[in-house]
Amino acid sequence: MGLNRNVMSLIEAVANQDNETAKAYAKCIIANEKSEKNKQWCQKQQLKLNSTKRNFIALPLNISGMCDLVYNEMEFNIDRYYLREEEKELVDKILTRRKTCIKAQTMGINMPNSTLLYGVPGCGKSLFANYISYITKTPLLTVRFSEMIDSLLGKTSNNIGKIFDFANKNDVIIFLDEIDTVARKRTGESGGDGELSRVTVTLMQELDKLKQGTIVIAATNRKDMLDEALFRRFSLIQEIGLPTKQDKINMVRKWWESINMDIPISVETYVDKFTTLSDIDRDMVDILAKMLDTEEVTVKGGKCLSNVDSWIKDVFREFTKSYRNKKYTLDELLDDREYMYNFYKSEREEAKLFANCDYDVVKNQCEEAVYVLRDAYMRDFKQKPSINCILELI
């Protein structure tokens, strides 16, 4: 298939680095996309394009292999994230510091808002950084030091400068993951150790030059390996400890509630097998996968179709009343459009769903209800549903 005019204009705008024009043509392409299979993807991209942020920024090619840029405002699953009490206090400190930095800037005082998180692997340092990005509606720029050092040892200092130059020009939160990879205690030796010492100095210099108000979060599993001078660059130094048993219980309950399902395990004894919340999360994903594979799914409160508005369920339930015993497929149901209209024309007063609606409105609403429920069922159960499958769940 050849390129249409809108796609060509979009490519041209991207090539010219004209973000506003590119966004306009992207919106136009999405508006003209009618395929049902792309509907959810289009809605997600439309949300990003309509974000309150003025522009969506992209990583330049010279640093794209060393960083990730994530818009957690749209990507972060807040329903599944459990924030512990000590983490709530840390959030308050970071947000308060953010306001203080703005006031200090008007007085000509440079005040960093940087936090160093340390703790054992799997205790939630990376997730916490993503949560801060989510609540501040600011993209998270994650620097992957391990890849930078492995592949470009001689150019590491130069690459760090490029990354911070990008951060100074854009509104981002900087997340320095595994900072102990580069910011180790200096030895004064030459060779590889000497190069790492120069990298440590470069990193500290870039932190000192960072524009006022930028939130920086660094994470390490080995606080003991960090250079002493680095600690002075952080306004907050916080240990993220292992969760208590009650933390783990609360996390498990919230996890299953987020997918609207009953907990299939004995929580009190289950959590004793795990040390970190990350371990629990991975294991619960495995449990859910096995349940879906064997169709051993317990639906909480009789429902499991996630993110489906109640009116869609009402439409489908009313519309399919007389179809219960006819063994219709969903496609056959959609083909019987005359029935759609006649059914609601006679039943709308009782159902109170489509009073004073014309044929096209009724037809479109019914079709949307069927498509949304079908997609939700396939997302939650990984298989195509019959009409009765959906009726049993709504």
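The values are calculated or read from the model by the stated rules, or taken from the named source; none is laboratory data. All values derive from a computational prediction rather than experimental measurement. Cβ: placed from backbone, ideal geometry, glycine included. Neighbour counts: every protein chain shown.
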Asn32 being exposed (fewer than 11 other Cβ atoms within 10 Å of the Cβ), farther than 15 Å from Ala58 by Cα and at pLDDT 75 or above: yes
Pairs, first under 20 Å from Pro121 (Cβ atoms) and touching a residue at least 60 places away in the same chain (Cβ under 8 Å) in region 261-287, second among the aromatic types (Phe, Trp, Tyr) and assigned to a strand (DSSP E or B), C-beta under 8 Å, six or more apart: none
The one condition in (1) buried (at least 21 other Cβ atoms within 10 Å of the Cβ); (2) among the β-branched types (Val, Ile, Thr); (3) out of contact with any Phe, Trp or Tyr (no Cβ under 6 Å at 6 or more places or on another chain); (4) farther than 20 Å from Asn158 by Cα that Ile237 fails to fulfil: (1)
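Condition check ((1) of a type outside the set (Phe, Trp, Tyr); (2) loosely packed, with under 14 Cβ neighbours inside 10 Å; (3) at pLDDT 85 or above) across all residues:
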{"residue": "Ala229", "(1), (2), (3)": "yes, yes, yes"}
{"residue": "Glu257", "(1), (2), (3)": "yes, no, no"}
{"residue": "Met261", "(1), (2), (3)": "yes, no, no"}
{"residue": "Lys273", "(1), (2), (3)": "yes, yes, yes"}
{"residue": "Thr276", "(1), (2), (3)": "yes, no, yes"}
{"residue": "Met284", "(1), (2), (3)": "yes, no, no"}
{"residue": "Val299", "(1), (2), (3)": "yes, no, no"}
{"residue": "Cys304", "(1), (2), (3)": "yes, no, no"}
{"residue": "Ser310", "(1), (2), (3)": "yes, yes, no"}
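Quick grid of which residues meet (1) in contact with a Pro (Cβ under 8 Å, 6 or more places away or on another chain); (2) of a type outside the set (Asp, Glu); (3) at pLDDT 80 or above; (4) closer than 30 Å to Leu116 by Cβ:
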residue	(1), (2), (3), (4)
Asn4	no, yes, no, no
Glu12	no, no, yes, no
Asn19	no, yes, no, no
Lys23	no, yes, no, no
Cys42	no, yes, no, no
Gln45	no, yes, no, no
Leu49	no, yes, no, no
Ile57	yes, yes, no, yes
Asn77	no, yes, yes, yes
Entirely in region 93-188, the strands (runs of 3 or more DSSP E) that have 3 or more residues that are closer than 18 Å to Phe231 by Cα and within 26 Å of the chain's Cα centre (by Cα): 113-118, 173-177
Sole exception among (1) of a type in the set (Ser, Thr, Tyr); (2) modelled with pLDDT of 85 or more; (3) surrounded by fewer than 21 Cβ atoms within 10 Å (Cβ to Cβ) for Ser133, by number: (3)
Subset of region 8-20 (residues that are surrounded by fewer than 15 Cβ atoms within 10 Å (Cβ to Cβ) and either in a helix (DSSP H, G or I) or among the basic types (Lys, Arg) (or both)): Met8, Ile11, Glu12, Ala15, Glu20
Ala104 vs. criteria at pLDDT below 80 and among the small types (Gly, Ala, Ser): no
Lys248, sole failed condition from (1) within 30 Å of Val182 (Cα to Cα); (2) surrounded by 13 or more Cβ atoms within 10 Å (Cβ to Cβ); (3) not small (Gly, Ala, Ser): (1)
Residue tally, condition more than 30 Å from Thr200 (Cβ to Cβ), in contact (Cβ under 8 Å) with a residue 24 or more places away in the chain and either in a helix (DSSP H, G or I) or touching a strand residue (DSSP E or B) at 6+ places or on another chain (Cβ under 8 Å) (or both), over region 210-256: 9
